[in-house]
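This report refers to the structure that appears directly beneath it.
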Amino acid sequence: MPLPPPPVRPDPDHVPSEQELREDLAAAYRLVALYGMTDLVFTHLSVRLPGAGHRFLVNPYGLLFEEITASSLVAVDAGGEPAQPTSWPVNPAGFVIHSAVHLGRANAACVMHTHTLAGMAVAAQKGRLLPLNQISMEFEGRVAYHDYEGVAADDNLGERERLVRDLGDSPCMILRHHGLLSVGHTVAEAFYWMWYLEQSCRIQLAAQQGGAELDIPSPATVARTRAQFSLGPTKGWLPWQALKRKLDREQPDYRT
């Protein structure tokens, strides 16, 4: 197989079109399914649409993530109600967390929320995400925590404010007794944070299951390692191009 041409780094000020966002979000749904981070038809990945007002793309309620395509995504308003004709229902109650974050964080263009085994297991622990590996060290001081208040729904409007407050300017949050959440300027960035947050949770569980005493590096080493990871508006862009090439080879219908 011939090598693809090297990708051209994007303009950080580029404003993606709705079609670009649809294809990127559909790709994220397929990748979440491919890498075993789904919860049947539940949880959401969402992205803010350009233009006036508050409009977001989410999955139609009832489709498996592996079935999502660019055209099947539904535009909704800030309340999770459809803002376009659709033959599939949406789940406004499931959009509560997303709407709170989108509206409370101007730079949260994309929000991802998962219920994975590793994420929920770490979310059930009293402590925090431990810097056990250089992957985990990138998250030191960058993971927020939100205490469980029951199923997130419209009947607890105060929780939205607390979610946004607890998230602050962090790119990730562990929802205790619930799951994981990541945000990004782009779908690529949000997926990067979610992927490596998930890997950090898996590393922590595997290390704990080994039974040996955990060896946590010194705070100075953790801080130095954390600082070595780059940040910016194109965070996660390079692996995202490779992942989309994989989908273009194996599941090209995600773009339809």
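Yes or no, residue by residue, for (1) over 21 Å from Arg48 (Cα atoms); (2) in contact with a Gly (Cβ under 6 Å, 6 or more places away or on another chain); (3) of a type in the set (S, T, N, Q):
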| residue | (1), (2), (3) |
| --- | --- |
| Gln134 | yes, no, yes |
| Phe139 | yes, no, no |
| Arg142 | yes, no, no |
| Tyr148 | yes, no, no |
| Gly168 | no, no, no |
| Pro171 | no, no, no |
| Leu180 | no, yes, no |
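Quick check on my filter: what residues within the stretch 62-89 are touching a residue at least 24 places away in the same chain (Cβ under 8 Å), out of contact with any His (no Cβ under 8 Å at 6 or more places or on another chain) and either surrounded by fewer than 17 Cβ atoms within 10 Å (Cβ to Cβ) or small (Gly, Ala, Ser) (or both)? Of everything in the stretch 62-89, those that are touching a residue at least 24 places away in the same chain (Cβ under 8 Å), out of contact with any His (no Cβ under 8 Å at 6 or more places or on another chain) and either surrounded by fewer than 17 Cβ atoms within 10 Å (Cβ to Cβ) or small (Gly, Ala, Ser) (or both) turn out to be Gly62, Leu63, Leu64, Glu66, Ala70, Ser71, Ser72, Ala75, Ala83, Thr86, Trp88, Pro89.
Every listed requirement among (1) hydrophobic (A, V, I, L, M, F, W, C); (2) over 16 Å from the mean Cα position of the chain (by Cα); (3) assigned to a loop (DSSP other than H, G, I, E, B) is met by Ile135 save one, (3). Being touching a Pro at 6+ places or on another chain (Cβ under 6 Å) and either closer than 30 Å to Asp166 by Cα or surrounded by fewer than 12 Cβ atoms within 10 Å (Cβ to Cβ) (or both) is a description that does not apply to Gly53. Which ones in the stretch 207-244 are assigned to a helix (DSSP H, G or I) and of a type in the set (Asp, Glu)? Hits for the stretch 207-244: nothing passes. Of His44, His54, His14, all but one fail to be free of Cβ contacts under 8 Å to residues at least 12 places away in the same chain and either under 15 Å from Gly94 (Cα atoms) or more than 19 Å from the chain's Cα centre (by Cα) (or both); the exception is His14. What tally of residues in the stretch 106-128 results from selecting those that are assigned to a loop (DSSP other than H, G, I, E, B), in contact with a strand residue (DSSP E or B) (Cβ under 6 Å, 6 or more places away or on another chain) and buried (at least 22 other Cβ atoms within 10 Å of the Cβ)? Adding up the residues that qualify gives 2.
If you go through the stretch 159-181 and keep only what is within 15 Å of the chain's Cα centre (by Cα) and more than 14 Å from Leu231 (Cβ to Cβ), you end up with Leu167, Met173, Ile174, Leu175, His178, Gly179, Leu180, Leu181. For the stretch 130-167, the set of residues classified as of a type in the set (Gly, Ala, Ser) and in contact with a strand residue (DSSP E or B) (Cβ under 6 Å, 6 or more places away or on another chain) consists of Ala144 only. Evaluated against (1) under 13 Å from the mean Cα position of the chain (by Cα); (2) over 30 Å from Glu23 (Cβ atoms), Thr186 falls short on exactly one condition, (2). When the residues of the stretch 149-172 are filtered to those that are modelled with pLDDT of 95 or more and part of a loop (DSSP other than H, G, I, E, B), the one that is nearest to Ile203 (Cα to Cα) is Pro171.
Can Val41 be described as at negative phi and touching a Cys at 6+ places or on another chain (Cβ under 7 Å)? So Val41 does not fit the description; no. All conditions but one from (1) over 22 Å from Val32 (Cβ atoms); (2) surrounded by fewer than 12 Cβ atoms within 10 Å (Cβ to Cβ) apply to Ala207; the one that does not is (2).
Restricting attention to the stretch 99-129 and to residues that are touching a residue at least 24 places away in the same chain (Cβ under 8 Å) and polar (S, T, N, Q), the residue that is farthest from Arg55 (Cα to Cα) turns out to be Thr116.
The values are calculated or read from the model by the stated rules, or taken from the named source; none is laboratory data. Predicted, not measured: the structure shown is a model, and the values here were computed from it. Neighbour counts run over all protein chains shown; Cβ positions are idealised from the backbone, glycine included.
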